[in-house]
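The values are calculated or read from the model by the stated rules, or taken from the named source; none is laboratory data. All of these numbers come straight from a predicted model, not from anything done at the bench. No Cβ is skipped: glycine too gets one built from the backbone with ideal geometry, and neighbour counts run over all protein chains shown.
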Amino acid sequence: MMLCSAIASAQIPTGVTHVINRCRAAMTNTTGLEYEMDMKAGMGPISMKMHFIVADKGNLNRTSVTTKMLGIEVVSESGFDGTDTWDIKHSTNGDTITFTHGDKRKKSEGNLTLDLDKKYKKAKMKHKDGYYEISFSDPIEKDNEVKNATVKISDKNYVVREICSGARGAKVTMTVTKIRVGLNDSYFKLDLSKYPNAVIIKK
């Protein structure tokens with residue numbers, strides 16, 4: 001695996017590596033960072049829209065995901081407050097909130113993938129309209145169905161604006177719509193007063 005990464009980095013232009021590294025630094029912050037992102041996925045007549053709100057500060061995290069497909073909207077929320085992992089399940093019969101001691105999170109599907117330079121062998125970059133647009137191709141892993149991906153990064157603050165990719169005829173576009181820096185630890189604690197009728201489960 002280390003050999004593959006070395007081969008990939010040798011073929012990725014140094015300018016691309018510089019921009020991606022600055023982007024990775026910009027998309028993390030010790031004081032906490034929250035971003036909102038819209039995702040659209042389509043394959044033929046079927047389409048799905050998702051809206052993510054993802055916040056991180058050290059090991060603290062909270063995520064909200066709204067999914068719309070075939071006229072149905074589903075909302076899920078989860079997080080880790082430093083002590084417990086919490087999950088909210090919304091239903092027509094009411095909300096259920098589950099607290100599990102410790103960090104039991106699965107990797108959030110809303111997290112941005114900023115390691116494209118480690119997954120592809122080739123990359124081309126152009127600078128236009130205030131953005132670096134980098135197109136990656138020729139995946140390192142042969143079983144990677146995503147043969148190419150494109151990322152747009154602001155030339156002012158190096159934050160991600162958009163990531164596009166596709167596999168098996170499906171196209172996925174993720175667009176960052178808002179970024180907030182500086183979060184209090186209390187933000188990651190779930191405010192139960194907002195869910196007065198919820199069923200609380202503690203494990």
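Points worth noting:
- Within region 103-182, strands (runs of 3 or more DSSP E) holding 1 or more residues that are touching a His at 6+ places or on another chain (Cβ under 9 Å) and on the phi < 0 side of the Ramachandran plot: 131-139, 170-181
- Scan of region 167-185 for residues that are touching an Asp or Glu at 6+ places or on another chain (Cβ under 9 Å) and under 17 Å from Asp38 (Cβ atoms), ordered by number: Thr173, Met174, Thr175, Val176, Thr177, Lys178, Ile179, Arg180
- The lone exception for Thr92 - which of (1) within 26 Å of Lys194 (Cα to Cα); (2) among the polar types (S, T, N, Q); (3) modelled with pLDDT of 90 or more it fails: (3)
- Pairs linking a residue in region 140-166 that is within 18 Å of Lys178 (Cα to Cα) and in contact (Cβ under 8 Å) with a residue 40 or more places away in the chain to a residue that is among the small types (Gly, Ala, Ser) and surrounded by 18 or more Cβ atoms within 10 Å (Cβ to Cβ), with Cβ atoms under 7 Å and 6 or more positions apart or on different chains, are Asn157/Ala26; Tyr158/Ala26; Val159/Ala26; Ile163/Ala149.
- Scope region 183-203; condition part of a loop (DSSP other than H, G, I, E, B), over 16 Å from Arg62 (Cα atoms) and touching a strand residue (DSSP E or B) at 6+ places or on another chain (Cβ under 8 Å); matching residues: Tyr195, Ala198, Lys203
- Thr14 being in contact with a Leu (Cβ under 8 Å, 6 or more places away or on another chain), polar (S, T, N, Q) and loosely packed, with under 15 Cβ neighbours inside 10 Å: no
- Among the candidates Thr98, Thr67, the residue that is at pLDDT 90 or above, part of a strand (DSSP E or B), over 23 Å from Met174 (Cα atoms) and among the hydroxyl-bearing types (Ser, Thr, Tyr) is uniquely Thr98.
- Within region 39-49, the set of residues being in contact (Cβ under 8 Å) with a residue 60 or more places away in the chain and in a strand (DSSP E or B) comprises Met39, Lys40, Ala41, Gly42, Met43.
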